Structures are given as structure tokens and as C-alpha cells.
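Asks: Right, I'll just put the structure down here and ask away after.
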Amino acid sequence: MSDAPRAWPLGFRTTLIKGILYALGIGAIAQGAFLEALYLPEVRFSELGFTELTQTLTLAVSCGLLLYVRHILKVWPTVTLLLLAFIGASLVREQDAFLDQYIADDTWQIIVALIVVPSLAWVVMQRRRFLDEFAHYSNSFSFGLFTAGVLTTYIFSRLYGRQDFWRAVLQDHFVREFKDVAEEVVELLGYSLMLIAMIELVLLARRVHKARLEHA
């Protein structure tokens, strides 16, 4: 039986409500970074600041949603495993300072390897199933948002946060904090897009799950 959901088009009202909620969420994140800069001078944009903690929360919630799709709804297990490995590795990477300080240097790299390598191996072994699942997921709104989030976080934020770029912009007024703030806030935006993508995946997976039950 195909995993493609029945064509239940979303109404304008539902789409509008989702759009408003997503806009409010993104706006809240931007406002949080603004308030962090104004009122949290001691921890702003550090590991204990709003931006860094929200990055961790965003990735953790995304992992939780993927676990729900994979283990409760049981939809697209190989695709969701690969997504979970990627986002889980990102979550561990965000804790690098904590792991280096309280456990050992480069601990995060070992943990990431333990997450990614077995996951990739399983997906390769199940590659036919993965390709069948991906054919459905790649045509979804969730996949488009996830791709946008990845590009924002792992390409744009890195290039935008280059020290040479900010030295050219600020010249004699260069302060490393400007560069770090720009990179971290854009990175948070990317993670937020990935979270919205996972919310959309849950909504899509619920449709798939419901269609399966109706055809059982």
C-alpha cells in the first residue's frame, strides 16, 4: 500500500492560521534576541543566553517530533531516521562547549559519529525503502522548509559570519561579538525553519497514518 496521503487539500482558513502562527513564532525569536541584547549583558549570545538555549530547545523539540512520527505514527521510518540522525547530531554539536568542559575535549565528535554512522549504514541497507519513502517526502512542504533551514544554518550563516566579511564592514571598529551575534541569530533562524518543517512533517504523517487506518 502506498504511503502517499489522500489528497485532502488544506482550506484557506487552516493555511492562514498556520501562517500566522509561524510568523508569530519567528517574530518571537527575533524579539527574544533583541531583548537578550538589551537586558542580558552578562550572558548575551553565550552558551547560557537566549539565542543559544533556544537553538538547543528548537533542535530538541524537532527530535521529539521525529520520534513521534517514527515510533508512534510509524510513517517513513528510514527517512525519519536520517532526519533524526542529522538533527540529533546538530543538537549534540550545539553542546560542544559543555561537553568539552565537563566531560572531555572532542566528546561531541564521538557522540555524533555514534549517531550518524549506524544511521547511515541502516539507510544504505534499506536504500530501496528509503528511495520509495523519499519520493513522497521530497514533494512535501516539509521537505522544502527543511532544505531552506539546512541551507540557512549550514551555508548562509557560516558565510555571513566570516570574520573577514565583518572586518571589511566594520573596519577599525571591528569587534568579534558583532560577527558572533550575526552568525548565531541566523543559525537560530535556520533551526527554526527546520522545526517548522518537522511540525509540517507531523501534520503530513498524521494524514498518512489516518489513510492507512481507513484502508486497513
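Asks: Within region 137-157, can you find the residues that are farther than 18 Å from LEU59 by Cα, part of a helix (DSSP H, G or I) and open to solvent by 50 Å² or more (accessible area, probe 1.4 Å)? Don't jump to the end; show me each part of the working.
Replies: The first filter runs over region 137-157 and keeps only residues farther than 18 Å from LEU59 by Cα, leaving 137-141, 156.
When the remaining residues are screened for being part of a helix (DSSP H, G or I), the result is 137, 141, 156.
If the condition is that a residue be farther than 18 Å from LEU59 by Cα, part of a helix (DSSP H, G or I) and open to solvent by 50 Å² or more (accessible area, probe 1.4 Å), then PHE141, PHE156 are the ones that fit.
Asks: Mind checking which pairs have a first residue in region 22-40 that is free of Cβ contacts under 8 Å to residues at least 24 places away in the same chain and under 11 Å from THR51 (Cβ atoms) and a second that is of a type in the set (S, T, N, Q) and buried (at least 17 other Cβ atoms within 10 Å of the Cβ), Cβ under 9 Å, 6 or more apart or different chains?
Replies: GLY32/THR51; GLY32/THR54; GLU36/THR51
Asks: Here is a check on your reading of the model: is GLN55 surrounded by 13 or more Cβ atoms within 10 Å (Cβ to Cβ), farther than 29 Å from HIS136 by Cβ, at pLDDT 95 or above and not aliphatic (A, V, I, L, M)?
Replies: On the way: surrounded by 13 or more Cβ atoms within 10 Å (Cβ to Cβ): yes; farther than 29 Å from HIS136 by Cβ: yes; at pLDDT 95 or above: yes; not aliphatic (A, V, I, L, M): yes.
Yes; evaluated as a whole, the condition is true for this residue.
Asks: While we're looking at this one, here's another question. Among the residues of region 149-183, how many are modelled with pLDDT of 90 or more and in contact with a Gly (Cβ under 8 Å, 6 or more places away or on another chain)?
Replies: Result for region 149-183: 10.
Asks: So ALA37 fits all but one of (1) modelled with pLDDT of 90 or more; (2) within 26 Å of VAL150 (Cβ to Cβ); (3) of a type in the set (A, V, I, L, M, F, W, C); (4) open to solvent by less than 70 Å² (accessible area, probe 1.4 Å); what number is the exception?
Replies: Single failed check for ALA37: (2).
Asks: Can we say PHE143 is more than 20 Å from the chain's Cα centre (by Cα) and in contact (Cβ under 8 Å) with a residue 12 or more places away in the chain? Lay out the reasoning, then the answer.
Replies: Numbers: more than 20 Å from the chain's Cα centre (by Cα): no; in contact (Cβ under 8 Å) with a residue 12 or more places away in the chain: yes.
Spelling it out, it is not the case that PHE143 is more than 20 Å from the chain's Cα centre (by Cα) and in contact (Cβ under 8 Å) with a residue 12 or more places away in the chain.
Asks: Out of the residues in region 184-216 that are open to solvent by 60 Å² or more (accessible area, probe 1.4 Å) and not aliphatic (A, V, I, L, M), which is modelled with the highest pLDDT?
Replies: Among residues in region 184-216 that are open to solvent by 60 Å² or more (accessible area, probe 1.4 Å) and not aliphatic (A, V, I, L, M), the one modelled with the highest pLDDT is ARG206.
Asks: Kindly indicate whether VAL69 is within 29 Å of ARG129 (Cα to Cα), in contact (Cβ under 8 Å) with a residue 60 or more places away in the chain, open to solvent by less than 20 Å² (accessible area, probe 1.4 Å) and not hydroxyl-bearing (Ser, Thr, Tyr).
Replies: Values: within 29 Å of ARG129 (Cα to Cα): yes; in contact (Cβ under 8 Å) with a residue 60 or more places away in the chain: yes; open to solvent by less than 20 Å² (accessible area, probe 1.4 Å): yes; not hydroxyl-bearing (Ser, Thr, Tyr): yes.
The answer is yes for VAL69.
Asks: Of everything in region 72-91, what is at positive phi and open to solvent by 40 Å² or more (accessible area, probe 1.4 Å)? Give them in sequence order. Even if it seems obvious, please write down each step before you answer.
Replies: Going through region 72-91, the residues at positive phi turn out to be 74, 76.
If the condition is that a residue be at positive phi and open to solvent by 40 Å² or more (accessible area, probe 1.4 Å), then LYS74 is the only one that fits.
The values are calculated or read from the model by the stated rules, or taken from the named source; none is laboratory data. If you're wondering where the values come from, they're calculated on a predicted model, not measured in any experiment. Methodologically, a virtual Cβ is constructed for each residue, glycine included, from the backbone with ideal geometry; neighbour enumeration extends over all protein chains shown. To get the accessible areas, we keep the full protein, side chains included, count just its heavy atoms, and leave off ligands, DNA and RNA. Shrake-Rupley method; radii C 1.70, N 1.55, O 1.52, S 1.80 Å.
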